[in-house]
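J.: Here it is, the structure, as structure tokens.
Just so you know, all these numbers are worked out from the coordinates, no wet-lab data involved. These numbers come from a predicted model, not from an experiment. Here the Cβ is made from the backbone with ideal geometry for all residues, glycine too, and neighbour counts use every protein chain on show.
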């Protein structure tokens, strides 16, 4: 195991009890330079996880609660007239930080969601025709409650595809629930100590991106991706961007375990989290009770690295 990265998991685990595997996957996405979508019911620790991760890596952190009245200018900033200087000045929006927590993203308007989409894709904010680069590293961790909740609107596929992984926190185990009851999350958050700096995170990202991938692994990833498009039960398969996302996460998985190259187990560790939101089954498959996780399991059992 990579010592620094495991220490980050341990520190975040002081605030988020019993969710070490989820913490590792979020950390892997950050290492891969991607963004994270946390889908779950309220109150399972999504916000606490993001805050603890920012603290462990000394990242400048900002949180925005998304509501129907949040405007794109709240995110990317705006220009205003300064009567003292007689000039227009740019005021930064909330995204100018290293770690941006978009809380309940599916409660805001499509226009505001699109503004965040551009920032995530480009790594910069454009206001009145002028582009302003964001600080590096930059990661968005967005949370959303189930679509059945009142006042929510579904994120479009194009926006979901911009997230590297989609995770569910889930309820804690019995032992973790007891630990949570014994100490409030606010107190536990104070216990989280810094492990690395933002500059060190950028170095680790560079090392992750440079990890060796053999030709047979590229073939393996391509065959998995193509299989999702050829399956008759699938209405929408994995795009080339989805294949690249899986490659990035597999590299980050190898980095987490301290490996020097990617192996099939790295792919299997993260494939469901990367592809679950990218595959849409047709009506017949859904009527037969199949879900995306079942289909991905079938693919990985049938297709192997050569």
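J.: Just want to confirm a number: the relative contact order over region 3-201, from Cα pairs under 8 angstrom separated by 6+ residues, in percent. The partial results should precede the final answer.
T.: On the way: 351 pairs, mean separation 69.2, N = 199.
With pairs under 8 Å counted, the relative contact order is 35 percent.
J.: Take the alpha carbon gyration tensor of region 211-302, find the square roots of its eigenvalues, order them as a ≥ b ≥ c, and report rounded if a/c is under 1.5; if not, report prolate when a/b exceeds b/c, else oblate. Display every interim value, and only then the final one.
T.: Values: a/c = 2.47, a/b = 2.11, b/c = 1.17.
Since a/c reaches 1.5 and a/b is larger than b/c, the shape of region 211-302 is classed as prolate.
J.: Provide the gained length on full extension for the span residue 88 to residue 230, in nm with one decimal, where the gain is 0.36 nm per separating residue minus the Cα-Cα distance. Mind dumping the intermediate values first?
T.: Numbers: separation 142, 0.36 × 142 = 51.12 nm, distance 5.40 nm.
Gain on stretching residue 88 to residue 230: 45.7 nm.
J.: A further question on this structure: Find the centroid of the Cα atoms in region 162-182 and in region 227-251, then give the distance between the two in whole Å.
T.: For region 162-182 versus region 227-251, the Cα centre distance is 27 Å.
J.: So, R0 is 51 Å and r is the distance between the beta-carbons of residue 110 and residue 3; what FRET efficiency does that work out to, to 0.05? Don't skip to the end; give the middle numbers.
T.: Details: r = 44 Å, r/R0 = 0.86.
Computed FRET efficiency for residue 110 and residue 3 comes out at 0.70.
J.: Kindly state, to the nearest 0.05, the FRET efficiency for residue 241 paired with residue 216, given R0 = 30 Å and r defined as their beta-carbon distance.
T.: Details: r = 22 Å, r/R0 = 0.75.
Using R0 = 30 Å, I get an efficiency of 0.85.
J.: Please compute the Kirkwood hydrodynamic radius over region 1-141, one decimal place, Å, based on all pairs of different Cα atoms. Numbers along the way, then the final one.
T.: Values: mean 1/r = 0.0616 Å⁻¹.
This gives a value of 16.2 Å.
J.: Also, quick follow-up: Given region 3-201, what percent of its DSSP beta bridges are antiparallel, to the nearest 5?
T.: Percent antiparallel among DSSP bridges in region 3-201 is about 40.
J.: Normalise the Cα radius of gyration of the chain by 2.2 N^0.38 Å (N = residues in it) and let me know the number. The partial results should precede the final answer.
T.: Values: Rg = 20.1 Å, N = 306, 2.2 N^0.38 = 19.4 Å.
With N residues counted in the chain, Rg over 2.2 N^0.38 Å equals 1.04.
J.: Determine by what factor the alpha-carbon radius of gyration of region 58-169 differs from 2.2 N^0.38 Å, reporting the quotient. Please list the in-between numbers first.
T.: Values: Rg = 14.9 Å, N = 112, 2.2 N^0.38 = 13.2 Å.
The reported ratio for this selection is 1.13.
J.: Quick check: residue separation of residue 131 and residue 260 times 0.36 nm, minus the Cα distance between them. What number comes out in nm? Numbers along the way, then the final one.
T.: Values: separation 129, 0.36 × 129 = 46.44 nm, distance 3.74 nm.
Length difference between fully extended and current span is 42.7 nm.
J.: Test of understanding: what is the full-extension gain from residue 209 to residue 284, defined as 0.36 nm times their sequence separation minus their Cα-Cα distance?
T.: Details: separation 75, 0.36 × 75 = 27.00 nm, distance 3.97 nm.
Roughly 23.0 nm would be gained on extension.
J.: Still on this structure: How high is the FRET efficiency from residue 294 to residue 79, r the C-beta distance, R0 45 Å, rounded to 0.05?
T.: Working: r = 51 Å, r/R0 = 1.13.
For residue 294 and residue 79, the calculated efficiency is 0.35.
J.: Modelled label-to-label distance, residue 63 and residue 158, 7 Å Cα→beta-carbon offset: nm?
T.: Result: 3.1 nm between the two label points.
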